[in-house]
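See below for the structure under consideration.
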Amino acid sequence: MASAAPLFYQDVVFVINLVLLVFALVIESVAFVHCLTQRSDAFPAIGTLPKAGWLVILALCLVLLLFGFGPVSIFGLIGIAAALIYLLDVRVGLRDITDGKGFW
């Protein structure tokens, strides 16, 4: 009997999962390292969570991604979303504050 699916579909799924895992690791690691190197008094100035809160969120998401949950699980997707929120929203505010230009 012939099957409708090609025989190499598991290889394709493996490669897609590997690419997603590398993407998630890079995004979450960059967000964590950036948060780690920022001044803690700048976080309340932009009206966001404190530095410790962001560090806990990003570290927990990175640990869950590395140990047991892949990037396509619910925890992996939440981790990618948290890292992207940090990079696209909080990092921009921190950059404005630390450059001395400010947004006020």
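The values are calculated or read from the model by the stated rules, or taken from the named source; none is laboratory data. The structure displayed is predicted, hence computed values, not measured ones. For neighbour counting, all protein chains shown are included, and Cβ atoms are generated from backbone atoms with ideal geometry for every residue, glycine included.
Could you list, in sequence order, all residues of the range 48-104 that are part of a loop (DSSP other than H, G, I, E, B) and hydroxyl-bearing (Ser, Thr, Tyr)? Listed by number, the residues that qualify are 48, 73. Might you let me know whether the range 32-42 holds any residue that is over 18 Å from the mean Cα position of the chain (by Cα) and surrounded by 13 or more Cβ atoms within 10 Å (Cβ to Cβ)? For the range 32-42, residues over 18 Å from the mean Cα position of the chain (by Cα) and surrounded by 13 or more Cβ atoms within 10 Å (Cβ to Cβ): present. Can residue 29 be described as hydroxyl-bearing (Ser, Thr, Tyr), over 30 Å from residue 99 (Cβ atoms) and surrounded by fewer than 16 Cβ atoms within 10 Å (Cβ to Cβ)? So residue 29 does not fit the description; no.
Restricting attention to the range 60-104, the residues that are hydroxyl-bearing (Ser, Thr, Tyr) and modelled with pLDDT of 90 or more add up to 1.
Considering (1) free of Cβ contacts under 8 Å to residues at least 24 places away in the same chain; (2) farther than 24 Å from residue 13 by Cβ; (3) crowded, with 17+ Cβ neighbours inside 10 Å, the lone condition that residue 69 does not fulfil carries the number (2). Checked against (1) loosely packed, with under 15 Cβ neighbours inside 10 Å; (2) closer than 11 Å to residue 83 by Cβ, residue 57 meets all criteria but (1). For the range 29-47, filtering for residues that are assigned to a helix (DSSP H, G or I) and either on the phi > 0 side of the Ramachandran plot or of a type outside the set (Ser, Thr, Tyr) (or both) leaves 11.
All told, residue 56 meets the bar of being over 25 Å from residue 13 (Cβ atoms) and modelled with pLDDT of 95 or more.
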